[in-house]
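A.B. asks: One structure is given below, represented as structure tokens, and several questions about it will come after.
The values are calculated or read from the model by the stated rules, or taken from the named source; none is laboratory data. Quick caveat: nothing in here was measured; it's all calculated off a predicted structure. So basically every Cβ, Gly included, is an ideal-geometry build from the backbone, and we count neighbours across all protein chains shown. What goes into the accessible areas is simple: the full protein's heavy atoms, side chains included, and nothing from ligands, DNA or RNA. Shrake-Rupley method; radii C 1.70, N 1.55, O 1.52, S 1.80 Å.
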Amino acid sequence: MRSRRDMGRSVALNYTDYYKVLQVPRDADQAAIRRAYRKLARKYHPDLNSDSDAEERFKELGEANEVLSDVEKREQYDRLGDRWREAEHEAPEESFEDFFTHEGSGQGSRVEFGEDLFESLFGARAPRADGPLRGRDSEALLDLSLEDALAGGRRRLTLDGREVSVNFPSRVRDGQLIRLAGKGGEGRAGGPPGDLFLRVALKPHPRFHRRGADDLDIELSITPSEAALGTTAAVETPTGTARVRVPAGSSSGKRLRLRGRGLPKRGGGSGDLHAIVKIAVPKELSDRERELYEQLAHVSSTESQEASP
Amino acid sequence: MSGDNRSGPADRDPSAEELVELTVVARQAGVKIVHVRRYLEFGLFEPHPDAATKTPRFDPGNAARVARAERLRRDLGLNYPGAVLVCELLDRISQLETRR
């Protein structure tokens, strides 16, 4: 939040309305504040609420509760709250500055107001009495193309507002969890950080289609004469090109299996790639082609008449 | 922890060599061993059945579980069995969610 008036020096006004945070009126009694805090703490506890802003909200709740549940701190905060509103609306710059100078610890030391409201009011937080604790494990999706999932690589992810650089191994499966030790939530009071678990999510591929857990399908276009006479065709695989023998008399929809050219299997090894024959007829025929097709059509019809009298 | 990328499939059972003693679980959870013993008493986790040694050994993955129970206990004013119960219910919720 920024003051509507330019204060000359830029002071980031970051006043947090603790009453609003706890959703209680300004004249709420101590019991009502305790009740509100407990209820909201259960609602926004990051272990119970997977929303990305739960951690931040929970911290804010703790701060609000620490101030408002303590009669002395609450009084001090209430005085500041009033002054803050005055300052925002019409107080001249001097009185605003004076106020913070007085609130500061030493003579004339200017208190940075805004960075951390709690600290500027009450000084550094006391270390938690209940000791260190490991941070939360967090989970995020890692969207990978099929090629990247097979090759492995590096990604930069933004998680809860921080950037994390991630190396992922080769041959990861869809839905697989990759554990990144120590890249999860911050530990408390010197406790170790949690782990980050990335769940691999394979993006759909424009040409390779998944079949079952680890097989892939790809279309293989051949000409009518190749289909009739047989050929050896180049097939795209996730890791390069392979050659496949198309037997004579292959119709559209025939599946040609390339063993081990699919996706990694759970226990090791790989699934298969299926090249699915698709007969592609040229749209335009040259005169010579047309002539040959006509001959072919004639021969085919006479032969089928002979075959079925 | 140095933040190294120890990446690998996490959805598997640890082999016998990877099992650790309770003190290691406690250290990795950042929780005092006395508290970890309480969670063990209330059945938050169990020694690994494969460990045929005198001292019980544990899946190191339990550290995160202990830390979660401890966060819930401290933050919400629960007692040990309450925190264990919440963890079990959270497990059931995540099972139901993945089944969908």
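A.B. asks: Condition test on A:Gly268, is it open to solvent by less than 40 Å² (accessible area, probe 1.4 Å) and not in a strand (DSSP E or B)?
C.D. replies: no
A.B. asks: If we keep just the residues of segment A:18-36 that are open to solvent by less than 40 Å² (accessible area, probe 1.4 Å) and touching a helix residue (DSSP H, G or I) at 6+ places or on another chain (Cβ under 8 Å), which is nearest to B:Leu90 (Cα to Cα)?
C.D. replies: Only one residue fits best here, namely A:Ala36.
A.B. asks: Can you confirm whether segment A:240-250 contains a residue that is under 30 Å from A:Arg290 (Cβ atoms), charged (D, E, K, R) and loosely packed, with under 14 Cβ neighbours inside 10 Å?
C.D. replies: yes
A.B. asks: Kindly indicate the residue of segment A:37-50 that is open to solvent by less than 30 Å² (accessible area, probe 1.4 Å) and within 20 Å of the chain's Cα centre (by Cα) and also farthest from the other protein chains (Cβ to nearest Cβ) among those meeting that condition.
C.D. replies: That would be A:Asn49.
A.B. asks: Given the structure, is A:Arg155 touching a strand residue (DSSP E or B) at 6+ places or on another chain (Cβ under 7 Å) and facing chain B (nearest Cβ under 10 Å)?
C.D. replies: Criteria not met by A:Arg155.
A.B. asks: Return the residues of segment B:45-81 that are without any contact (Cβ under 8 Å) to a residue 40 or more places away in the chain, over 19 Å from A:Arg136 (Cβ atoms) and open to solvent by less than 50 Å² (accessible area, probe 1.4 Å); say none if nothing qualifies.
C.D. replies: Residues satisfying the conditions are B:His48, B:Ala51, B:Phe58.
A.B. asks: In addition: Given the residues A:Lys265, A:Lys278, A:Lys183, A:Lys203, which is the only one that is in contact with an Asp or Glu (Cβ under 6 Å, 6 or more places away or on another chain) and within 14 Å of chain B (Cβ to nearest Cβ)?
C.D. replies: Step by step, each of A:Lys265, A:Lys278, A:Lys183, A:Lys203 is checked, and only A:Lys265 is in contact with an Asp or Glu (Cβ under 6 Å, 6 or more places away or on another chain) and within 14 Å of chain B (Cβ to nearest Cβ).
A.B. asks: Now for a different question. Quick check on segment B:67-77: of everything there that is part of a helix (DSSP H, G or I) and either out of contact with any helix residue (DSSP H, G or I) (no Cβ under 6 Å at 6 or more places or on another chain) or at the interface with chain A (Cβ under 8 Å from one of its Cβ atoms) (or both), which residue is farthest from B:Gln28 (Cα to Cα)?
C.D. replies: Across segment B:67-77, the extreme among qualifying residues is B:Leu76.
A.B. asks: Something else now. Determine whether segment A:210-217 contains at least one residue that is open to solvent by less than 60 Å² (accessible area, probe 1.4 Å), in contact with a Lys or Arg (Cβ under 8 Å, 6 or more places away or on another chain) and within 10 Å of another protein chain (Cβ to nearest Cβ).
C.D. replies: The answer is no, given that none of the residues of segment A:210-217 is open to solvent by less than 60 Å² (accessible area, probe 1.4 Å), in contact with a Lys or Arg (Cβ under 8 Å, 6 or more places away or on another chain) and within 10 Å of another protein chain (Cβ to nearest Cβ).
A.B. asks: If you check every pair at least six apart or on different chains, which have Cβ atoms under 7 Å apart with a residue in segment A:141-170 that is free of Cβ contacts under 8 Å to residues at least 12 places away in the same chain first and a residue that is surrounded by fewer than 17 Cβ atoms within 10 Å (Cβ to Cβ) and among the acidic types (Asp, Glu) second?
C.D. replies: What qualifies is A:Arg156/A:Glu163.
A.B. asks: What residue, among those in segment A:24-65 that are in contact with a Leu (Cβ under 9 Å, 6 or more places away or on another chain) and touching a residue at least 60 places away in the same chain (Cβ under 8 Å), is farthest from B:Gly82 (Cα to Cα)?
C.D. replies: Result: A:Ser52.
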